[in-house]
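*Asks:* Below is the structure I would like to discuss, written out as structure tokens.
The values are calculated or read from the model by the stated rules, or taken from the named source; none is laboratory data. Because the structure is a prediction, the values reported are computed rather than measured. Cβ placement follows ideal geometry from the backbone for every residue including glycine, while neighbour counts extend to all protein chains displayed. Just the protein is used for accessible areas: all its heavy atoms, side chains included, with ligands, DNA and RNA removed. Shrake-Rupley method; radii C 1.70, N 1.55, O 1.52, S 1.80 Å.
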Amino acid sequence: MVAKKLLTVVAASGGASKSTFMASLCVGIAREAKIVGQSVSQGGYALYANLEDDQSHVDRMFAAVALRNKISESDMKHNVVAMGKDSYRKTMK
């Protein structure tokens, strides 16, 4: 599904749960956990850049993914960088 060291982009119509899917995928990769139905052969770091939603929304979404999968947010944050549109803009300046 996702190749190591390659950019992965998901495209679909609005409301198709792309953001939640990608957040779940990032957590699965970071934790080497089967979260979206696929086994992770080798975990690693994940960068999630959401250019539509603000950071508070992204933080709530990742908290929900962690809660749903019984993963502590602190464990998840070691290998996942999740950026909302406002954080992304600050970083890119």
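*Asks:* How large is the dipole of the chain about the Cα centre if only Lys and Arg carry +1 and Asp and Glu carry -1, each at its Cβ, rounded to the nearest 20 debye? Before the final figure, lay out each step's value.
*Replies:* On the way: 13 positive and 8 negative charges, 38 e Å.
Result for the chain is approximately 180 debye, rounded to the nearest 20.
*Asks:* With every protein chain left in place, what is the accessible area per residue of the range 16-66 in square angstrom, probe 1.4 Å? The partial results should precede the final answer.
*Replies:* On the way: 2790 Å² over 51 residues.
Value returned for the range 16-66: 55 Å² of accessible area per residue.
*Asks:* Another one. Could you compute how much accessible surface Leu51 exposes when probed at 1.4 Å, giving the result in Å² to the nearest 10?
*Replies:* Accessible area of Leu51: about 100 Å².
*Asks:* Show me, for the range 54-63, the HN-Hα J-couplings you get by feeding each phi into the Karplus relation (A = 6.51, B = -1.76, C = 1.60, θ = phi - 60°), rounded to Hz, glycine and proline as x.
*Replies:* 3J(HN,Hα) across the range 54-63, in whole Hz: 7, 4, 5, 5, 4, 4, 5, 5, 5, 5.
*Asks:* Are there GluC sites (Glu not before Pro) in the range 11-93 that DSSP puts in a loop and that have at most 12 other Cβ atoms within 10 Å, and which ones?
*Replies:* On the way: sites: Glu32, Glu52, Glu73; in loops: Glu32, Glu52.
Those satisfying the criteria are Glu52.
*Asks:* As an exercise, use a Förster radius of 35 Å and the Cβ-Cβ distance of Leu67 and Ser41 to find the FRET efficiency, rounded to the nearest 0.05.
*Replies:* Working: r = 26 Å, r/R0 = 0.74.
Efficiency, rounded to the nearest 0.05: 0.85.
*Asks:* OK, next. Going by amide H atoms built from the backbone, whose H comes under 5 Å of the H on Tyr48, apart from near neighbours?
*Replies:* Sorted by chain and number, the residues that satisfy this are Val81, Ala82, Met83.
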